[in-house]
Structure formats: C-alpha cells, structure tokens
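Report on the structure given below.
The values are calculated or read from the model by the stated rules, or taken from the named source; none is laboratory data. Keep in mind the model is a prediction, meaning the values are calculated, not measured. Positions of Cβ are backbone-derived with ideal geometry, glycine not excepted, and every protein chain shown enters the neighbour counts. Note: areas computed on protein heavy atoms with side chains; ligands, DNA, RNA excluded. Shrake-Rupley method; radii C 1.70, N 1.55, O 1.52, S 1.80 Å.
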Amino acid sequence: MENIQKFYIKTFGCQMNVYDSQKMSDIFYKLGYIKTSSQIKADISLINTCHIRDKAKQKLYSELGRINKIKINRKLKGKKTIVIVAGCTAQAEGEEIFNRAPYVDLIVGSQSYQKLPQLIKEKISHFSRNKLNKTNLSELDFTPKSKFDNLTEEKFLNKVSSYLTIQEGCNKFCRFCVVPYTRGPEYSRPVHDIIAEAKNLVSNETKEIILLGQNVNAYHGYDSNKNEYNLGKLIYELANINGLKRIRYMTAHPKDMHEDLYNAHKDVKQLMPFLHLPAQSGSNKILKSMNRNYSFEEYVEIIEKITKINPDIAFSSDFIVGYPGETKQDFKKTLDLVDIVKYAQSFSFIYSPRPGTTSYKMKDKITDDEKKERLLILQNKLKSYQEKFNKKFLKKSLDVLFTNFSKKKNYQSLGYSPYMQLVRLQNKKSMKGRIKNLKIIKTFYKSLDAINEI
Ligand code: SAM
Ligand code: SF4
C-alpha cells in the first residue's frame, strides 16, 4: 500500500462542487491513484474551491498555507506533492493564485477537469527532469460539453443518494453573483447522457438522485431525435427507471418554473414534495436592483400555484440581507415573505461584494452592525418556522430513506424524510439503502429522532 500513489480532495462550496469532486476522483482512480483521507500521505492534494462569498476565498488561502507546510515536510522525507487548486476560485483568480501561493502546481478552472490527466503527466515529467516547482500550469477554458463527455461515471460510487449535474452555468447575471463569470454561460447536457448516468447510479445502489444545476429548471436539453426536454419532461423520463425511488432537484429559479414541472409535482410519485426556491429578498425595489426578474407578488403566486397542485409540498429558500440600498422597510418585506411562505428550512447570508460583479461598486450605507442585526432577526424567524415545521411530525410517521450507518455512533442510522429533514434512528442493524416508515419520537430545530416499532 505504501508505494501506491494517493490523492486527497477537499471540497468547499455547493453540491455542484461535491459532484465535480466525485468526477475528479474518478480521473485519479483511472490514473492509478487511491483516495486517502490524510493530507500528509497524499501525493496529490487538491482543493475544489468556491468563490460565491469573500469568506470562501479566505478559506482557500488558509488551507493552502497548511498544505504548503505538509508539502515542505514531505519534501524533507524525499516525497513529492502535487498541489492543485480547482473550481470557481481557480477560474476567477486564475494565475493570480501562483503569485500568492507559488507552491501551487496546477490551477484547473471549473469547466476544465478533463484536462487533469495531461496536466499531471506534464507536472510529473517536470519532476523527473528535476525541475521541481519551476513550472506551474493552468487550464481555465470554458468547455462544459467536453467536461461531461470525457468523464466516466465514478466507478467506486455506491451512494444511496447521488448528485447528478444536468445543467451548468448561468445567463441571468444577478448583480451580486459571480456564477456567470466562474461557471460560464448556460449549458444543458443531452437527455441520453443524463439517463445513462442515472441508470448507472441506480444499478450501483443509488435510490435517490438529486438533479443539480445553477438554474436547474432552466434545463433545456435534447434527446437523440432532437426533441427538446425541459426539467419537468426530464423528470417524467427519469421516473421510468426501475429502482429509482426518489428524485429531487436544485437550485430552481422562480423565473424558470414551468407547467411540466408543476405537473410533475402532481403526477410523479418519486418526485419529493420539497422545493428549494431562492427568493433572496421580499422587496420589489431590491429584487429589481438585484436583477432577479420577478416580484414579491409573482414569487408568492408560484408558491400558491404549486401548493394548490400538491398541498403536501414544503419550501426552502436563500436570502441575502444588507444588499446596497436595502432600507428597514425593504428588510421588513423579506420578513413578510417568510411569514407568508413559512419555510421548512433556509439559508441566509450577509451580502458580500464580489469583484467583477455589477453591484461591486454600488454605494452601501448600511453599517456592519445593522447587517448583522438584520441577519440575526431573519435567522431567528426562519429558525422558528423550521422548528414549527418539524414539530408537526411529532408522534406521526414518515418515510425515511437511510443514507448512512455508524457503529461507532451507537449503531445510528441517518436518513432523510421526503421534506429533507435529517432523521436519526438507533438500531443494531444498518438501515442504509432502505426506505422505512417510522414513528417520530422527538423533534429538533434541524433534525428528528425516530423509532422502529416493529
Ligand atoms: N442560482 C441560484 C438562484 O438564483 O437562486 C443560486 C445559486 S448561488 C450559487 C447560491 C446562493 O448564494 C444564492 O442564492 C445567494 O443567496 C447566495 N449568494 C450569491 N452571491 C452572493 C453574494 N455576493 N453575497 C451573499 N450571498 C450570495
Ligand atoms: Fe447567480 Fe443569479 Fe445565476 Fe443564481 S440566477 S447563479 S444567483 S446569477
């Protein structure tokens, strides 16, 4: 085992990065490397980065500092380490990373992972010519199609719940957001590729597929007969796969909700009754300034329409507070929206100005204290709705799909309800991979406890 080359991957950011990290793992396996959870043992140390808020960039550089120390120690023992920065910060910062962290060997943008084998080969050939770190290499092309073409499904995947990216990039250009610059323009994968990947996952123990896209409901791909598919139609198609028990999708944009998708929430029993539909703000003035292209009223209409179609559905959202120009009244509208929708869970952030975006230079008169206070008020409100939502299930039963089992943690199986609630069960036997209808005996803010009555 000592002589086998090892790789280590650390992933920051969203589910799409988790998916990309799985795909990069696949590349390393194919090159003959094995995965390690110890950075000290890794011959390749890769960080898959996020760029969405400034904090994400700070995290990258502190992580790189640690990796450099490991690289120096390994070198003293005669071992070489290839340090790779991949993902959205790699795409956005490009070769600037080499200036701040010259010990980084390779920079690979978010759409260029398929180039990794070539880049690693080149780097190793530099090593063998004793050039050590003198040549740093980067690949920052936007070629999402070839990214998917060249990657195979991860061989070692046996996940009960798997991500499947169906759409990349974004054309919406919300004024606060880096995604159109780090992930490039919208691209939808062909229907055939998605179905093939989904079938492969299901034949490798997957029971639930979470379809991913920056704007997953903007999906418009084609089948081999050139018929166009939207997300709704694609879900109907995926539901035909034998053994696929659950389908989810994220992240949906309010502007891209469409009839087929609404209908899928009525007709497709595998489609879970949960919709992550980021609102960002409740103020029409702020929504307009953000370039979100919907109003408070239109957002509420979507919620009402889908609730009519499927009264069982639960919602979650993303919110940004302290966007430039947000007054106390604007913020109050966001709180009003939360009171109307009563979200089952949500994510909320203080606005982070991102270089290169159109809102970066907008004047901002809100103090940091005020922003923190607004975030706290919003989060307290969101938390109380989440607690109330969870409490509704006390002494009731829920279908739980179990995704993990740990002997160390007192024989605990972990799974998810249809509404994305984390459910815990103490049971000697692993429940992983099974869907069980269980009684809920305790509810918390972020999770539920269940018992197996049989
Ligand atoms: N495409 C999705 C949508 O339009 O709703 C969102 C994808 S984005 C990767 C995830 C979340 O990050 C956004 O919904 C937003 O709340 C947050 N976000 C993006 N840019 C941000 C910024 N500059 N500051 C704070 N939060 C930000
Ligand atoms: Fe970013 Fe807006 Fe695109 Fe979402 S829709 S990824 S927030 S630009």
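Observations on the structure shown:
- All positions within region 434-454 that are of a type outside the set (A, V, I, L, M, F, W, C) and surrounded by 18 or more Cβ atoms within 10 Å (Cβ to Cβ): K436, T443
- Failed condition for V216, given (1) crowded, with 22+ Cβ neighbours inside 10 Å; (2) away from ligand 2 (no atom under 16 Å from the Cβ); (3) not charged (D, E, K, R): (2)
- Within the option set G94, G13, being buried (at least 20 other Cβ atoms within 10 Å of the Cβ) and of a type in the set (G, A, S) holds for one residue only, G13.
- Checklist (1) within 26 Å of the chain's Cα centre (by Cα); (2) at pLDDT 95 or above; (3) open to solvent by less than 40 Å² (accessible area, probe 1.4 Å) applied to F393, failing item: (1)
- Those residues of region 349-361 which are more than 18 Å from Q91 (Cβ to Cβ) and either in contact (Cβ under 8 Å) with a residue 40 or more places away in the chain or not in a loop (DSSP other than H, G, I, E, B) (or both), in sequence order: F349, I350, Y351, P353, T358, S359
- Residues that are surrounded by 20 or more Cβ atoms within 10 Å (Cβ to Cβ), within 25 Å of T367 (Cα to Cα) and more than 16 Å from ligand 2 (Cβ to nearest atom) within region 283-321 comprise just one, S283.
- K342 being over 29 Å from T182 (Cα atoms) and free of Cβ contacts under 8 Å to residues at least 40 places away in the same chain: no
- Pairs linking a residue in region 365-380 that is under 12 Å from V338 (Cβ atoms) to a residue that is β-branched (V, I, T), with Cβ atoms under 9 Å and 6 or more positions apart or on different chains, are I377/V321; L378/V321; L378/T334; L378/V338.
- Set M431, M420: member being among the hydrophobic types (A, V, I, L, M, F, W, C) and under 30 Å from G322 (Cα atoms): M420
- Scanning region 421-454 for residues that are small (G, A, S) and either within 21 Å of T206 (Cα to Cα) or assigned to a loop (DSSP other than H, G, I, E, B) (or both) yields S430, G433.
- Region 167-187, subset within 13 Å of M16 (Cβ to Cβ) and assigned to a helix (DSSP H, G or I), residue nearest to ligand 2 (Cβ to nearest atom): V179
- Pairs, first more than 16 Å from ligand 2 (Cβ to nearest atom) in region 242-254, second of a type in the set (V, I, T) and in a strand (DSSP E or B), C-beta under 7 Å, six or more apart: L244/I209; K245/I435; I247/I209; R248/I210
- Tally, over region 15-68, of residues that are without any contact (Cβ under 8 Å) to a residue 40 or more places away in the chain, under 22 Å from H276 (Cβ atoms) and assigned to a loop (DSSP other than H, G, I, E, B): 1
- Of all residues in region 345-382 being surrounded by 15 or more Cβ atoms within 10 Å (Cβ to Cβ) and closer than 23 Å to L422 by Cα, the one that is farthest from ligand 2 (Cβ to nearest atom): K381
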